[in-house]
Every structure is written in C-alpha cells, then in structure tokens.
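> Below is the structure I would like to discuss, written out as structure tokens.
The values are calculated or read from the model by the stated rules, or taken from the named source; none is laboratory data. Since this is a predicted model, take the numbers as computed values, not measurements. Cβ placement follows ideal geometry from the backbone for every residue including glycine, while neighbour counts extend to all protein chains displayed. Accessible surface is based on the protein model in full, side chains and every heavy atom, while ligands, DNA and RNA are left aside. Shrake-Rupley method; radii C 1.70, N 1.55, O 1.52, S 1.80 Å.
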Amino acid sequence: MNLLFLVHRVPYPPDKGDRIRTFHLLKYLARHAAIHVACLADEPVGEEVVAALGRLCKRVAVVPLGRWARWARGLASLAGGSTVTEGAFRSPALERILRDWTKQTRFDIALASASSMVPYLRSAALRDVPAVIDLIDVDSQKWFDYAHSRRGPLAWLYRTEGRRLRRLERDLPTWARGVILVSEGEAELYRTFGAPGPVYAVTNGVDLDYFHFQPEASEPACVFVGALDYLPNVEGACWFCEEVWPVLHRRRPQARFYLVGRRPTPAVQRLAGRPGVELVGQVPDVRPYLGRAAVAVVPLRIARGVQNKVLEALAMGKATVASPESLAGLRARPGTHLLAASSASEWVEAVDRLLDDEPLRRQLGAAGRRYVEEHHCWDRCLETLGPILGLSAANGAAGPAAGAALLTAEGPK
C-alpha cells in the first residue's frame, strides 16, 4: 500500500511532544506500507534529518515555512474568516509537490497529523484519497483554554481561533474515514461536538529502552523538562517559580530547581535570577538531568492530551509530582504511581515530602515504571492504528527511500 503521511512539523529527531508521536507513528507505519512523507519545517533542517527519515520512507519532502510569509498568510486567513492556523501552515510549495506526487503515485490512504494539515486533504489533488486525521488533541479547546488565561486583544484572538477551529474540527467525520485523538478523554470531548462518525483513541507510548530505569538520585533537586517557548510550559514554570519554589527554597536553601528545554522565552530567562533556580536550556540528552534530580515536577495549569514529560519521568523511575491537568490523559493513579498537586500549598507539601522520604521516592519510581511498561509501550499503543488505516500484517515494509529531498520554495536542494 502507498500511504501519504502529511505532517505539520518534521517528525525527527523525536525530541518534543508532537515529533515524538509522529516519529513513532512513522516507524510503525513503515513496517506495513510504503510511506510517502510530506512535512513542513519551521526551523532549519539538515540533510542528516532527511536521510534519517529516508531510511524509513519511500519518499520524503521537507518544505520550509518562511517565518514572515507564514504570519502574513495567517493574518490574511484570519481576516478572511478562517483560522490563523490554516493560513500559517499553508504552503504553495507543498501544494505543488502534492499535485506532482498524485500524478506519479496512486495513494491508498492519506494520514494527516494535526488539524493544520486538513486543508491539504481537501485539495483537488487529494480529495478522492481516503483520509484519516490524527488530531492528537482537540486544538480548539486549547485555544479556549488560552483565552481563559488572558485578557484584552489576546483573549479575543484566542477565542476567535478556537471558535473557527472548532467549526473545522466538527465536520471532519462527515468526509474522513476516521478521526484519531491521543486519549479517551480527548476523544470523548470531541464526540460532544463533532459530527457522527468513527472517532478513535490511540494513546502515546514512551521509548522504554531510551528512558530506562535509573537508580536513586543523589541530589536534592527538582527538574522540569519541556520546550520553554511553549505557552503552557512557560506559564507552568513561571507559576511554580513564583508560587511554590520560594517556600521550598526557604525550607531547603541547598535545593536546586533545574529548567531544561529548548528556546527559553525572556520570561523563562528571568527565572534564572531567582535563588536556587538554574536555567539549563536546550541539551542533547535530558536523561542526565532527570536522573540526577530527586523529583520531577510537571506544574502545568493548561494541558491537553497526554504529557510525554510525565511518561518519560515515570519511565526513568523518577518520583513525580504533576498537576491534575497534566494527568487528564493518563490512567496513572495519584498516590500509587506519582503524586498530584493543585494549589501552591499542595505543591509545597508534596515536593517537600518526597525530598524528605527516600523510600517513598523509590516506591513511586518503581510503580511509575511498571505503569508505563504496562500501558505505554509504543507497539501496544499503536496496535489499533493499522486497522483504522486499512493496513494488514501482510503489508510489507517500504524498504529504502526512492527519493528523499530537502525542498525549498524554489525546488530541491
């Protein structure tokens, strides 16, 4: 089978939320079909990245999105009554590539990752190809959540984006073969407003070999891992540093709080001036920082779907404290696999308790590792994906790529 996989961001390396999911979907699909990947890039992409994708795919096209052109198209789309998302992810270069590909190849199925890629499925080139959309999260609800956390023009913009995106999401089951969400909770939310049709939950896994169980840490420290230019992460890290960490640090002047992640915003950079807070920034491997800290914290107050940062901490046997919002997409039980905290006082007491109680840290760490082994092994998580896409075990892998290329608006490079 020839499967077209449309991705809004290059699915390699698997070093952040959506990339982790799309990369493991790609690995799974490559065992069952000939995969043709067309994706957009919002940052420089090296030839080694395209080569890595090419080892899994029949054909690869990576199309850069110009920063200023992207926002100009997004604003034009907003002014025209559509979503900023639709405009920001529209690429005439990718549209041309898809027209060329459909002339050369008959696609049996198309899979689009995220609502931003849906307009390509409705183009003349792909309109007759059966389609499945992996929404991952209910993005419209994310924008509504953002709106609740802001005031003024930003709140209006976020609310408008949410309303218009929900209109797009609502109609998907009327023409798509299926809609996929990352958790049963997200799927249930989608069913409350979506048109009748097949809606599935396909949850995320965690790389259990890479994030292997670590012995007990020797440092009385907390760690937060996540992209530090992503609004929920920024808001959560700032809230923790303002409301929770000062109390903990007064109790434990020797304790440290490590912020690990790419592209810290100015607001995050300012946190480094607080006592005991260390901004590590982007690192090639987050495991040493998870391993050395006694406690992993996930203080998100805005969260959708499944938080990979929780799965990764649990996979390493790390005693973890997470907000209820961070756990909504998981079946992990507070008090058994980790601790949950909502208010600042609950956070202080939960983290303080873990820093004092090594046996409890070990107990939660072992239980957390068992939980992800049972519920978040990638192969088991993706077992239902093949039937949704019409793939069977008889379908073979694609073999080496027929043509992997890094593309610009002008053509191959």
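> For segment 58-190, place one equal point scatterer on every Cα, skip the solvent, and apply the Debye formula. What is log10 of I(q)/I(0) at q = 0.15, 0.16, 0.22 Å⁻¹?
The Cα Debye sum returns log10 ratios of -0.80, -0.90, -1.41.
> Taking N as the number of residues in the chain, what value does Rg over Cα atoms divided by 2.2 N^0.38 Å take?
Output field value: 1.00.
> Also: ³J(HN,Hα) across segment 146-155 via Karplus (A = 6.51, B = -1.76, C = 1.60, θ = phi - 60°), whole Hz, x for Gly/Pro?
4, 4, 5, 8, 10, 10, x, x, 5, 4
> Rounded to the nearest 10 Å², what accessible area does D357 show when all protein chains are kept and the probe is 1.4 Å?
50 Å²
> Using only Cα atoms, tell me the angle between helix 344-356 and the longest principal axis of the chain; keep it within 0 to 90° and round to the nearest 10.
70 degrees
> On to the next question. Provide the solvent-accessible area of F193, counting protein heavy atoms only and rolling a 1.4 Å probe, rounded to the nearest 10 Å².
Surface accessible to solvent at F193 totals approximately 30 Å².
> Further question: I'd like the orientation of helix 67-79 relative to the chain: the angle between its Cα long axis and the longest Cα principal axis, in ° from 0 to 90, rounded to 10.
The angle comes out near 80 degrees.
> Assuming 0.36 nm per residue, please report the length gained on full extension of the stretch R96 to F213 beyond their Cα-Cα distance.
Taking R96 through F213 to full extension adds about 37.5 nm, to one decimal.
> Still on this structure, please answer the following. What trypsin sites (Lys or Arg not before Pro) in segment 226-284 are in a loop by DSSP, with at most 10 other Cβ atoms within 10 Å of the Cβ?
none
> Okay, moving on. Quick one: helix 92-104 against the long Cα principal axis of the chain, what's the angle to the nearest 10°, folded into 0 to 90?
Relative to the chain, helix 92-104 is tipped by roughly 50 degrees.
> For K58, go through the aspartates and glutamates and keep the ones whose alpha-carbon is under 20 Å away, minus same-chain ones fewer than eight residues off.
The qualifying aspartates and glutamates are E47, E48, E95, D100, D108.
> Additional query: Could you give the C-alpha radius of gyration of segment 156-248 expressed as a fraction of 2.2 N^0.38 Å, taking N as the number of residues it contains?
The value comes to 1.58.
> Would you check the accessible area of S345, probe 1.4 Å, heavy atoms only, in square angstrom rounded to 10?
Surface open to solvent at S345 totals about 80 Å².
> In addition: Students often get this wrong, so check it: of K103/K142; K142/K318; K16/K318; K27/K142, which have C-alpha atoms separated by over 26 Å?
As for pairs spanning more than 26 Å Cα to Cα, those are K103/K142; K142/K318; K27/K142.
> Counting only protein heavy atoms, what percent of the accessible surface of the chain is carbon or sulfur at a 1.4 Å probe?
So the carbon and sulfur contribution to the accessible surface is 51 percent.
> Please compute the contact order of segment 312-382 in relative form: average sequence separation of alpha-carbon pairs under 8 Å and at least six residues apart, divided by the residue count, as a percent.
Across segment 312-382, relative contact order equals 44 percent.
> Moving on to the next point. Find the all-direction average of the projected area of the Cα convex hull for segment 132-288, expressing the result in square nanometres with one decimal place.
Mean projected area of the Cα convex hull: 12.1 nm².
> Mind pulling the per residue volume of the convex hull built on the Cα atoms of segment 223-356? Å³ is fine.
Taking the convex hull of the Cα positions in segment 223-356, it is 95 Å³ per residue.
> What does the charge count near A72 come to, summing +1 for each Lys or Arg and -1 for each Asp or Glu among other residues with Cβ under 14 Å from its Cβ?
Local charge sum for A72: +3.
> Which percent of the Cα-Cα distances in segment 289-356 go past 21 Å?
15 percent
> Shifting gears a bit: Calculate for the chain the 222 nm mean residue ellipticity that helices alone would give, adding -39,500 (n - 2.57) per DSSP H run of length 4 or more and normalising by residue count, nearest 500 deg cm²/dmol.
-12000 deg cm²/dmol
> Now for a separate question. Given Cα pairs under 8 Å that are at least 6 residues apart, what percent is the relative contact order of the chain?
Relative contact order for the chain comes out at 19 percent.
> Another question, then. Report, in whole Å, the centroid distance computed from the Cα atoms of segment 138-210 and segment 230-261.
For segment 138-210 versus segment 230-261, the Cα centre distance is 29 Å.
> If you don't mind, another one. Rolling a 1.4 angstrom probe over the protein heavy atoms, how many square angstrom per residue are accessible across the chain?
Result: 42 Å² of accessible area for each residue.
> Something else: Using the Karplus equation 6.51 cos²θ - 1.76 cosθ + 1.60 (θ = phi - 60°), what ³J(HN,Hα) coupling, rounded to whole Hz, does each residue of segment 126-132 give in order, writing x for Gly and Pro?
Those phi angles translate into 10, 4, 8, 8, x, 10, 10 Hz.
> Give, as a single signed number, the net charge of other residues whose beta carbon lies under 11 Å from the beta carbon of R353, with Lys and Arg counted +1 and Asp and Glu -1.
-4
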